[in-house]
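The values are calculated or read from the model by the stated rules, or taken from the named source; none is laboratory data. On a predicted model such as this, the values are computed, not experimentally measured, just so you know. When we count neighbours, we look across all protein chains shown, and the Cβ atoms used for this are built from the backbone with ideal geometry, even at glycine. Surface accessibility is based on the protein's heavy atoms, side chains included, excluding ligands, DNA and RNA. Shrake-Rupley method; radii C 1.70, N 1.55, O 1.52, S 1.80 Å.
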Amino acid sequence: MKYNLDLRKIDIQKYKIFLKNQYLIPSRRILHENIDDNFEIFERCGLKNLSDLKQAISTKTKIDKLSRETEISPEYLNILRRELGTFNRKGILFKDFPIIDNNTISALDKKGIKNTKNFYEYYTSENNEKMISDELNISVEMIKCLFSLSCLVRINGIGSLAAVTFYEAGYKNLDDIISSTKEEMLEKVNKINDEKKYYKSKLGLKDMQFVIDYANLMTHFKN
């Protein structure tokens, strides 16, 4: 199973619904402007899924061409390109997770597993925790922890420290997140962070709703 979503499987109209409900930082709120008209234009141009759309706006030359053809502003298309780039999640080094000990990191390194992307794809290809535990000489409990963290950081906006906080708050996979409410999640996550001081920023209900929506999107379009 791949670490990142297959953008060919995400219909642009379904992505439009996700984007409309998404809380956007001020610099990206332009994406909500004329969103229905813009995405209808994309479809008329033959762009059926996010892979098509991403390719169509992958360079400045392509953005300028599509802007001329559709009269959608280059600014809108450029910011949309950046937003789509968030689906390309990079692996995070395990040394960046405060709950992963050096012995575990060393054992992973011997297998050539450097980051969460490496581990996620290794785990899902083997799909046998006992065998992985024996092969890496890491406890099954730690294998479960590593996989949980590797899953959580696939969500846009969740880095190593936030992943640990969500994990210790009881959110160990996408299903745990989807089955929660934003209010319950915020309470549990803030409680852990108040105790452990993993990060300084203050998360709010909009952040929790985004995490839930993104987890839903990933589950619906899983590889």
The stretch 108-138, subset open to solvent by less than 80 Å² (accessible area, probe 1.4 Å) and in a loop (DSSP other than H, G, I, E, B), residue farthest from MET1 (Cα to Cα): ILE138
Failed criterion for MET218 (all others in (1) within 27 Å of LYS20 (Cα to Cα); (2) crowded, with 19+ Cβ neighbours inside 10 Å; (3) modelled with pLDDT of 95 or more hold): (3)
Per-region count, the stretch 139-168, residues basic (Lys, Arg) and crowded, with 19+ Cβ neighbours inside 10 Å: 1
Among residues of the stretch 139-182, those that are of a type outside the set (S, T, N, Q), free of Cβ contacts under 8 Å to residues at least 12 places away in the same chain and not in a helix (DSSP H, G or I), counted: 0
Residue check, PHE87 within 16 Å of the chain's Cα centre (by Cα), buried (at least 17 other Cβ atoms within 10 Å of the Cβ), closer than 30 Å to LEU31 by Cβ and not acidic (Asp, Glu): yes
Contacts under 6 angstrom Cβ, first residue in the stretch 113-124 being farther than 10 Å from CYS151 by Cβ, partner at pLDDT 95 or above and open to solvent by 50 Å² or more (accessible area, probe 1.4 Å), 6 or more apart: ASN115/LEU93
Criterion (open to solvent by 90 Å² or more (accessible area, probe 1.4 Å), out of contact with any strand residue (DSSP E or B) (no Cβ under 6 Å at 6 or more places or on another chain), in a helix (DSSP H, G or I) and among the aliphatic types (A, V, I, L, M)) met by exactly one of ILE79, ILE17, ILE105: ILE17
Residue ID - surrounded by the most Cβ atoms within 10 Å (Cβ to Cβ), chosen from residues in the stretch 90-101 that are among the charged types (D, E, K, R) and assigned to a loop (DSSP other than H, G, I, E, B): ASP101
Test: residue in the stretch 14-23 that is at pLDDT 90 or above, touching a Phe, Trp or Tyr at 6+ places or on another chain (Cβ under 8 Å) and more than 30 Å from ASN115 (Cβ to Cβ): yes
Yes/no for ILE72 being at pLDDT 95 or above, over 25 Å from the mean Cα position of the chain (by Cα) and surrounded by 13 or more Cβ atoms within 10 Å (Cβ to Cβ): yes
